[in-house]
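The structure under discussion appears below in the form of structure tokens.
The values are calculated or read from the model by the stated rules, or taken from the named source; none is laboratory data. Since the model is a prediction, treat every value here as computed from it, not as a measurement. A quick note on method: Cβ atoms are made from the backbone with ideal geometry, for glycine too, and the neighbour counts reach across all protein chains shown. Ligands, DNA and RNA are excluded from the accessible area calculation, which covers all protein heavy atoms including side chains. Shrake-Rupley method; radii C 1.70, N 1.55, O 1.52, S 1.80 Å.
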Amino acid sequence: MVSETVQVSCVTNGGTNSNESFKRKHLGSDEHASASRYDSSDAKGDIGPSERDIAANINEDTQADDASVCMQKKVRLPKELTFQDMYNNQDAFDDDDEDDSDWEPVQKHIEILKWFCTNCTMVNLDDVFLCDICGEHKESGILRHGFYASPFSPEVELVQVESEATGREKEIWSEASASNCSTAVGFDERMLLHSEVEIKSHPHPERPDRLRAIAASLSAAGIFPGKCCLIPAREITLEELQMVHSSEHIEVVELTRQMFSSYFTPDTYANEHSAHAARLAAGLCADLASAIFSGRVRNGFALVRPPGHHAGVTQAMGFCLHNNAAVAALAAQAAGAKKVLIVDWDVHHGNGTQEIFDQNKSVLYISLHRHEGGKFYPGTGSAFEVGTNGAEGYCVNIPWSRGGVGDNDYIFAFQHVVLPIASKFAPDFTIISAGFDAARGDPLGCCDVTPAGYTQMTHMLSTLLGGKLLVVLEGGYNLRSISSSATAVIKVLLGESCECEPENIVPSKAGLLTVLEVLKIQMKYWPNLSSSFEKLQLQRAMYSVEKKQKQVKRRRVFEPPLWWRWGRKQLLFHILTGHFHLK
């Protein structure tokens, strides 16, 4: 939780606030009449007969013998005054009239306290204990207990709950070691040093707490440390990076080591530790890929940041500095893999990964993301982007046309697009660019994928050709969603039982149309998709029939009684029900 105090300057004049950004206020016609009293004759102390009643009400203290004091009190006021002018000349308004005392400008400092939700970074007022957006408690223990912490209770009440829930698992797996584990995790605390230095009005969504929440969840579940082994971290070498990025891009990232704070784009920050963190992340991904393909471990999870799938050949963007998934793919090929599959289920299109492998037939890139006709960040990833220069068909984009996409649409796309193409491609190695910002509750993705959905998708991919699978963390900005989803994925990697693949998945209409569009385009390069396309065309026709039936049913609801239809208004009835059409 981040707290912030805001000082607001307030003038108690009917609740009117005053600060530098406010527009000038005018007193109106009464002001002009009041100001006209303070003329040159008043300054000399000559008061006419018509003002005796006013003079009688003046406080005795204001009638000082010193004529200079009177001169200060009776000054000429401008015709148009701001509230600040009124405050500076408040002595000129000393009438001591009780009825007018309520508008005398008195400056007060009101402290407006606010706090930022640890879970989703949204701002809340200090007197609210649960986040208005995600419902997380102001003093949430999610950074210490992960998603096992209650969202509705402060941290002090959670220690016993956490120990009871996960104590048994910790006892069972406390003796696990790197020598007998099958799943490796890449993690290093130095990646937490990458953070936004400049203090802004809102915390950056890509923050170190993302890794802390996932690590806390894995620890609370007894998974890591425990069931998984740790891969030692190292910085990626310059030669390895040059296989992915241009020398100019690498040099620009390295220059940030000499800067306290810098920005590649308005939302892509760096500090003096960012280049080191990015190289550690890329190095961990490369070593995990090599270890998995060589058989030292069965699979792995790269718990790394900064993320990478937006980083292209020559630019850093979208919170990403180096492309970790691309580094891992080339490391797997260097270890002997001939064909690598990258499945990117981050809610944003991985434009950097697509650019890097756009002309490479040995790497198949499949992305499921929000697109909305190019209006959703980064705007790339339409279904018509299929690869270039002889590699057509080795880039498959599944662009959702709206937000709120959930488990059914994702699993449906896996069944009819991802798995058929992946099986035909027959990869030696599989990488998941696992952004969890399509998860339910994410403030940027605004979709509805649950941990069960991520579990199912991971299970589907783990069955491909021996299960040599590396999961690389990308986005995800709701700590509860990202930690629960990542934990669910790692449990699949560990071989925990998963429910059988659902057969009769019913997608949304928008999801069905998206899948049909992708199939129609990709059939040119993957002929095995034609049977699925024909089957889904029939399903689309059923949607149309159901829609017409609903329209007819809705029309029948408004049918008038028989006596009315037989009356003089029969013609009007036929027009309203669509029997007659006016040309």
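For this structure, a couple of remarks:
- Looking across region 386-433 at every residue that is farther than 19 Å from residue 514 by Cβ and in contact with a Leu (Cβ under 6 Å, 6 or more places away or on another chain), the one that is most open to solvent (accessible area, probe 1.4 Å) is identified as 394.
- Search result, residues across region 346-365 that are in contact with a Phe, Trp or Tyr (Cβ under 9 Å, 6 or more places away or on another chain), in contact (Cβ under 8 Å) with a residue 40 or more places away in the chain and open to solvent by less than 10 Å² (accessible area, probe 1.4 Å): 346, 347, 349, 350, 353, 364
- Any hit, region 272-283, residues being open to solvent by less than 10 Å² (accessible area, probe 1.4 Å) and not in a helix (DSSP H, G or I): no
- Every test in (1) more than 15 Å from residue 276 (Cβ to Cβ); (2) crowded, with 19+ Cβ neighbours inside 10 Å; (3) at pLDDT 95 or above is passed by residue 194 save one, and that test is (1).
- Residue within region 260-273 that is under 23 Å from residue 348 (Cβ atoms) and touching a Gly at 6+ places or on another chain (Cβ under 7 Å) present: yes
- Tally of residues being part of a helix (DSSP H, G or I) and free of Cβ contacts under 8 Å to residues at least 60 places away in the same chain across region 220-236: 2
- Qualifying residue in region 212-231 (condition: closer than 22 Å to residue 436 by Cα, open to solvent by less than 30 Å² (accessible area, probe 1.4 Å) and of a type in the set (D, E, K, R)): no
- Residue check for residue 192: more than 26 Å from the chain's Cα centre (by Cα) and under 23 Å from residue 143 (Cα atoms): no
- Pick from region 465-494, criterion assigned to a helix (DSSP H, G or I) and at positive phi, ranking: least open to solvent (accessible area, probe 1.4 Å): 467
- Residue in region 311-327 that is out of contact with any Lys or Arg (no Cβ under 9 Å at 6 or more places or on another chain), open to solvent by 10 Å² or more (accessible area, probe 1.4 Å) and farther than 23 Å from residue 263 by Cα present: no
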